[in-house]
1. Can you find a residue that is over 18 Å from Ile9 (Cα atoms), of a type in the set (Gly, Ala, Ser) and at pLDDT below 90 anywhere in the range 79-88?
2. Of the numbered conditions (1) within 19 Å of Gly96 (Cα to Cα); (2) at pLDDT below 90; (3) open to solvent by 60 Å² or more (accessible area, probe 1.4 Å); (4) not in a loop (DSSP other than H, G, I, E, B), Ser3 fails exactly one; give the number of that condition.
3. Just need a number here: residues in the range 56-89 that are of a type outside the set (Phe, Trp, Tyr), assigned to a loop (DSSP other than H, G, I, E, B) and surrounded by 15 or more Cβ atoms within 10 Å (Cβ to Cβ).
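The values are calculated or read from the model by the stated rules, or taken from the named source; none is laboratory data. Just so you know, these numbers come straight off a predicted model, no measurement behind them. When we count neighbours, we look across all protein chains shown, and the Cβ atoms used for this are built from the backbone with ideal geometry, even at glycine. Keep in mind that these areas ignore ligands, DNA and RNA; they rest on the heavy atoms of the full protein, side chains included. Shrake-Rupley method; radii C 1.70, N 1.55, O 1.52, S 1.80 Å.
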Amino acid sequence: MRSVVAILIAIGLMVIGFLAPASAALPNRIEFSSLDAVSRWISGYRAHPEPTRLPAAVRALSQFGAFKDPESSGVYIGFIAGVIGFSYGRAEEIIGKTLPVAPAGLKV
């Protein structure tokens, strides 16, 4: 049941992120320099969980266009949902720091 809720939250994040105005306050610093850097962080997450870095990872994934292809974006959406689902009391804080998400290709 928790995983269903986490997936719904992640999908909601994506929908809200795409509907949010691109001009909203977004951080100027990109923590992840490439899609490969985000993938390495995701791969090492189980050994070194850092849920506070999820907002930066989501922004980077969005900027690098990782959510454009439904076939390949499921892995990222599942990971995001899992982190939010297991972040119990910090889920709202993480979601709040994640949104808004800039559309792919928009440099901020």
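1. Looking for residues that are over 18 Å from Ile9 (Cα atoms), of a type in the set (Gly, Ala, Ser) and at pLDDT below 90, one finds none in the range 79-88, hence no.
2. Checking Ser3 against (1) within 19 Å of Gly96 (Cα to Cα); (2) at pLDDT below 90; (3) open to solvent by 60 Å² or more (accessible area, probe 1.4 Å); (4) not in a loop (DSSP other than H, G, I, E, B), the one that fails is (1).
3. Count: 2.
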